[in-house]
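Novice: Below is a structure I'd like to ask you about.
The values are calculated or read from the model by the stated rules, or taken from the named source; none is laboratory data. This is a predicted model, so every value here is computed, not measured. Here Cβ is always computed from backbone atoms with ideal geometry, including for glycine, and neighbour counts include all displayed protein chains. The area values use the complete protein model at the heavy-atom level, side chains included, leaving out ligands, DNA and RNA. Shrake-Rupley method; radii C 1.70, N 1.55, O 1.52, S 1.80 Å.
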Protein chains: 2
Amino acid sequence: MIKRRKTRQLSVGAVKIGGNSPVSIQSMTKVETSNVKAIVSEIKELEVSGCEIIRVAVKTIKDAEALKNIKRKINIPLVADIHFDYRLALKAIEGGADKIRLNPGNIRGRDEVTRVVKAAKKAKIPIRIGVNSGSTSGDFVKSAISYIKLFEDLNFHDIIISLKASDVAKTVEAYRKISKLCDYPLHLGVTASGPYKYGIVKSSIGIGSLLLDGIGDTIRVSLTADPVEEVAAAKRILSSLSLRKFGPEIISCPTCGRCQVDLVKIVNAVEHEARSAKYDARKHPLTVAIMGCEVNGPGEAREADIGIAFGKGCGMLFKKGKFAKKVSAKDAITELLQLLNTMR
Amino acid sequence: MIKRRKTRQLSVGAVKIGGNSPVSIQSMTKVETSNVKAIVSEIKELEVSGCEIIRVAVKTIKDAEALKNIKRKINIPLVADIHFDYRLALKAIEGGADKIRLNPGNIRGRDEVTRVVKAAKKAKIPIRIGVNSGSTSGDFVKSAISYIKLFEDLNFHDIIISLKASDVAKTVEAYRKISKLCDYPLHLGVTASGPYKYGIVKSSIGIGSLLLDGIGDTIRVSLTADPVEEVAAAKRILSSLSLRKFGPEIISCPTCGRCQVDLVKIVNAVEHEARSAKYDARKHPLTVAIMGCEVNGPGEAREADIGIAFGKGCGMLFKKGKFAKKVSAKDAITELLQLLNTMR
């Protein structure tokens, strides 16, 4: 349903960004990068949860020197986040970083930026020009454009762009603007979006509304929370827009005075099972509708791959749009899981 | 920043919907409506949490008869949700419902719908034409348009429209379409959006991206969860788009390898205090930025009403864009809360 904007394609390690490649999921580590043992363990956990590209802060030469070691122990591309000191970028490229993220505005001097761009070109790795509204005075879209121009003048086109603000409307406006001005892939995110319950709302609106418009090639949900939650939220954003599938999708009503079963319990039990690793969503992107009454229940249940619409003490079970059987409420969890198992 | 679409204004009890009125927050009860004691207690809890309009399912004549009693005991407008049987609508109007929600498509017969419309007109209450994709076969925008036509033919214009689907993109597309075809206020929601962590993402994207476009006059977040969470989520959606303010907004970074303080602890402590009732957000819609390092920290801290950007073991405190003082990390919570208290 969503028609994605055409962008250049480039590679971050083995992961392609832009063009027709799937919208990829990124996150960032929280521990000091020079603490190799701790950071590798954090990255391993993120890999398992579905993170596809990992970024680490490179604050010191020790951090930059650790990259070689980290890279050897992980399976996803490694991005070095650089600010202020261009020598950290050079060192990170030397250490095998798969991408550099920097805000050229806080690297002192054009010559220094030039040296980084030349080193990236030689190493054949892309650079993300990441301009955050908080680190720029004035129009940050204009800033980004001037940096793109600088990179292009150096005949460097392996560029990804991000324009994050902590304000959702400002973020969306900036990305919409830049999407019309160039065809470089865009890395989406709302920055400093706050604690989990706030951040999830801000990130979903910001990233989601851009994706709905076909804008965005890779995403990072920022949360003041466990980065595993960032990856889980990113997956939910992408799957709710049918851009990617990561497991059976549960459609369930909020319940109301019509509902005569414990729907929350049934939904949670089925969801728990559906989350388990044995469902390969790329092969079987199932939808499971669990509905509390006869108003929208039969409609949603029929449209889903598996569906149940409850009435008083029992439910009508549907499989692939066809009525399968009537089941009692107490057997519903078992029946739904059995059906789910036959369809994976 | 958001330019809202012009719509007609109408009243649901004391709450105005459409025109220039603020986007209002709705929820729906979960218990049987005829159980007056239980439903009033549920509504009271929702009122405290910030729900501005409450909808109840009217499934039986007993439910409809309970409305008079319920209305007497609550402070927010009461909406009767009717399906299948037009007599329930007539009874609900008689019982003092402030609005009727129905899907004319599942009320048998045009004459029956006409009787409901005439009764609503006499009682001077609006009707929400709520067409869900799950209860309609075919194009649900077309269905809504045909019902609007039917109501207009009866010279009834006190109409609110909703077009909810469980698919986010389909929902957004439907609302965008109808927003160009009429000027009736729109009630936004994504239906059957699933358990909390999924529903929050789907609802934020669906409702949020429409609001960003200026579409939407009243909202309901549907979650298979406690309805108090629906109201909290609705508040977060509206405040993240600066359409309403409900308390100080926390801007905080996700932290990374640069951060040398326990930012999550500091953010949670400040947020807890900021949530407390003593902050009247309408008078003082404060922003509080709590940032982990010197990259975007000083910028975000300076843009907020209160801000702190941490470095090694200490932070730079800003008040209204001006540097106030340097504070040690261990005093940061106390200092931030003191400042917050002086500014309310």
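Novice: In segment B:106-164, what residues are of a type in the set (S, T, N, Q) and within 14 Å of B:Ile178 (Cβ to Cβ)?
Specialist: So the first thing to find is which residues in segment B:106-164 are of a type in the set (S, T, N, Q), and the list is B:106, B:114, B:132-133, B:135-137, B:143, B:146, B:155, B:162.
The answer is B:Asn132, B:Ser133, B:Thr136, B:Ser143, B:Ser146, B:Ser162.
Novice: Kindly provide the set of residues from segment A:176-223 that are touching a strand residue (DSSP E or B) at 6+ places or on another chain (Cβ under 7 Å), polar (S, T, N, Q) and open to solvent by less than 10 Å² (accessible area, probe 1.4 Å), ordered by number.
Specialist: Those that are touching a strand residue (DSSP E or B) at 6+ places or on another chain (Cβ under 7 Å), polar (S, T, N, Q) and open to solvent by less than 10 Å² (accessible area, probe 1.4 Å): A:Ser203, A:Thr218, A:Ser222.
Novice: Kindly provide the set of residues from segment A:140-166 that are more than 14 Å from chain B (Cβ to nearest Cβ) and part of a loop (DSSP other than H, G, I, E, B), ordered by number.
Specialist: A:Leu154, A:Asn155, A:Phe156, A:His157, A:Asp158
Novice: Can you go through A:Lys320, A:Lys265 and tell me which one is farther than 29 Å from A:Lys3 by Cα, basic (Lys, Arg), over 21 Å from the mean Cα position of the chain (by Cα) and open to solvent by 30 Å² or more (accessible area, probe 1.4 Å)?
Specialist: None of the others qualify; the one that does is A:Lys265.
Novice: Collect the residues in segment A:32-63 that are closer than 29 Å to A:Ile107 by Cα, under 24 Å from the mean Cα position of the chain (by Cα) and aliphatic (A, V, I, L, M), keeping them in residue-number order. If you could, list the steps in order and put the result at the bottom.
Specialist: Initial filter on segment A:32-63 (closer than 29 Å to A:Ile107 by Cα): A:32-36, A:38-40, A:42-43, A:51-63.
Among the residues that remain, those that are also under 24 Å from the mean Cα position of the chain (by Cα) are: A:32-33, A:38-40, A:42-43, A:51-58.
Listed by number, the residues that qualify are A:Ala38, A:Ile39, A:Val40, A:Ile43, A:Ile53, A:Ile54, A:Val56, A:Ala57, A:Val58.
Novice: Checking B:Phe140 against (1) touching a residue at least 40 places away in the same chain (Cβ under 8 Å); (2) under 25 Å from A:Ala301 (Cβ atoms): exactly one of these is not met. Which one?
Specialist: (1)
Novice: Still on this structure, please answer the following. Can you tell me which residues in segment A:15-39 are among the β-branched types (Val, Ile, Thr), surrounded by fewer than 21 Cβ atoms within 10 Å (Cβ to Cβ) and within 13 Å of chain B (Cβ to nearest Cβ)?
Specialist: Result: A:Val31, A:Val36.
Novice: Name the residues in segment B:286-304 that are in contact with a Phe, Trp or Tyr (Cβ under 9 Å, 6 or more places away or on another chain) and not in a helix (DSSP H, G or I), would you?
Specialist: B:Leu286, B:Ala289, B:Ile290, B:Met291, B:Gly292, B:Cys293, B:Glu294, B:Val295, B:Ala304 - these are the residues of segment B:286-304 that are in contact with a Phe, Trp or Tyr (Cβ under 9 Å, 6 or more places away or on another chain) and not in a helix (DSSP H, G or I).
Novice: Here's another thing I want to ask about it. Kindly provide the set of residues from segment B:210-238 that are more than 10 Å from the chain's Cα centre (by Cα) and closer than 24 Å to B:Leu286 by Cα, ordered by number.
Specialist: B:Leu211, B:Leu212, B:Gly214, B:Val228, B:Glu229
Novice: Considering segment A:94-139 alone, what residues qualify as being assigned to a helix (DSSP H, G or I) and of a type in the set (D, E, K, R)?
Specialist: A:Glu94, A:Arg110, A:Asp111, A:Glu112, A:Arg115, A:Lys118, A:Lys121, A:Lys122
Novice: Here's something else I'd like to know. Look at segment B:40-54 and say how many of its residues are more than 14 Å from chain A (Cβ to nearest Cβ) and open to solvent by less than 10 Å² (accessible area, probe 1.4 Å).
Specialist: Qualifying residue count for the region: 1.
Novice: Can you name every residue in segment B:1-12 that is over 10 Å from B:Thr218 (Cβ atoms) and outside any loop (DSSP other than H, G, I, E, B)?
Specialist: Within segment B:1-12, B:Leu10, B:Ser11 meet the criteria.
Novice: A further question follows. Tell me whether segment A:245-260 contains one or more residues that are more than 10 Å from every other protein chain (Cβ to nearest Cβ), assigned to a loop (DSSP other than H, G, I, E, B) and on the phi > 0 side of the Ramachandran plot.
Specialist: Step one: of segment A:245-260, the residues more than 10 Å from every other protein chain (Cβ to nearest Cβ) are A:245-248.
This time we only want the ones that are assigned to a loop (DSSP other than H, G, I, E, B), so: A:245-248.
Narrowing the set further to residues that are on the phi > 0 side of the Ramachandran plot leaves A:247.
The answer is yes; a qualifying residue exists.
Novice: May I pose another question? Residues that are touching a strand residue (DSSP E or B) at 6+ places or on another chain (Cβ under 9 Å), facing chain A (nearest Cβ under 9 Å), free of Cβ contacts under 8 Å to residues at least 12 places away in the same chain and assigned to a helix (DSSP H, G or I): does segment B:269-282 have at least one?
Specialist: No: zero hits.
Novice: Within segment B:205-216, identify whether any single residue is small (Gly, Ala, Ser), touching a Phe, Trp or Tyr at 6+ places or on another chain (Cβ under 9 Å) and away from chain A (no Cβ under 12 Å), and answer yes or no.
Specialist: The answer is yes; a qualifying residue exists.
Novice: For segment A:173-202, which positions are among the β-branched types (Val, Ile, Thr) and within 16 Å of the chain's Cα centre (by Cα)? Break it down stepwise before answering.
Specialist: Just the residues of segment A:173-202 that are among the β-branched types (Val, Ile, Thr), to begin with: A:178, A:190-191, A:200-201.
Of everything in segment A:173-202, those that are among the β-branched types (Val, Ile, Thr) and within 16 Å of the chain's Cα centre (by Cα) turn out to be A:Val190, A:Thr191, A:Ile200, A:Val201.
Novice: Quick check, is A:Ile70 assigned to a loop (DSSP other than H, G, I, E, B), outside the structural domain of A:Arg275 (by TED's automatic domain parsing) and under 23 Å from the mean Cα position of the chain (by Cα)?
Specialist: Criteria not met by A:Ile70.
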